[in-house]
Amino acid sequence: MSAVVFLRAVNVGGTNRCQPALIAKQLGKFGVVNIGAVGTFVVREDVSESTLRAAIAKKLPFKCEIMICPAKAIVDLARKDPFARQASDPDITRFVSVLHKRPRVLPSLPLSLPSDKDWLLKIIAIQNQFILGVYRRQMKAIGYLGKIEKLLGVAATTRSWNTIEKVAKILRQDSDF
């Protein structure tokens, strides 16, 4: 089964520095393709999650959360176009937070932080291990992304919707999704 890997808190603010392109090259036997600089990988070969997790962890000079999703889950998520009803604006970023596992308790949605009236971050849906939302392009909004983990009690890493679409496009080119 092909998969998608998301590393949490890599190459952010000068900490947890690594070279994702080099890691992808070193893990070539798994058909790993690097997507960007923050630790997003498409894994083309059939490899068990435990083997893949161990191989990636061995290449990192620090400990971090490694989220692994079946490729089909990413393709299905992109196919649904979950942001179709959301206003598009250059000052708003569409995002997906990938959770380490599905939370036991889900909040009422939509959830706006800090408030419905003055929101900087809005969670519009939770589908399996994916949180879908939008945030305003303001520095304060980044702090609210970190609060998602505390709110749900599960580790999360966030990517823009553009990154998820790029991953899905690669996966669709590679297989019969």
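Annotation: amide H-H contacts under 5 Å for Leu120 (H modelled 1.01 Å from N, sequence separation of 5 or more, or interchain): Leu113, Ser115. Surface composition of the chain: carbon plus sulfur atoms contribute 49% of the solvent-accessible area (1.4 Å probe, protein chains only, all chains present).
Could you tell me which of rounded, prolate or oblate describes segment 82-177, using a ≥ b ≥ c as the square roots of the eigenvalues of the alpha-carbon gyration tensor, with rounded for a/c under 1.5 and, failing that, prolate when a/b is larger than b/c and oblate otherwise? The partial results should precede the final answer.
Details: a/c = 1.95, a/b = 1.32, b/c = 1.48.
The shape class here is oblate.
Here are some values of Rg and Dmax of the Cα atoms in Å: (i) 16.1, 50; (ii) 24.7, 89; (iii) 18.6, 58. Which one was computed from this structure? Given (i) 16.1, 50; (ii) 24.7, 89; (iii) 18.6, 58, the structure-derived one carries the label (i).
Only loop residues by DSSP count here, and only those with at most 13 other Cβ atoms within 10 Å; note down the chymotrypsin sites (Phe, Trp or Tyr not before Pro) in segment 52-140 that meet that. Filter output for segment 52-140: Phe62. Distance between the 7 Å Cα→Cβ label points at Lys29 and Arg102: 3.4 nm.
Keeping every protein chain in place, order Ser50, Ser175 by accessible area at 1.4 Å, biggest value first, i.e. largest first. Mind showing how you got there, number by number?
Working: Ser50 85, Ser175 45 Å².
Order by accessible area, largest first: Ser50, Ser175.
The values are calculated or read from the model by the stated rules, or taken from the named source; none is laboratory data. Computed from a predicted structure; not experimentally measured. A quick note on method: Cβ atoms are made from the backbone with ideal geometry, for glycine too, and the neighbour counts reach across all protein chains shown. We work out accessible area using only protein heavy atoms, side chains counted, and drop any ligands, DNA or RNA first. Shrake-Rupley method; radii C 1.70, N 1.55, O 1.52, S 1.80 Å.
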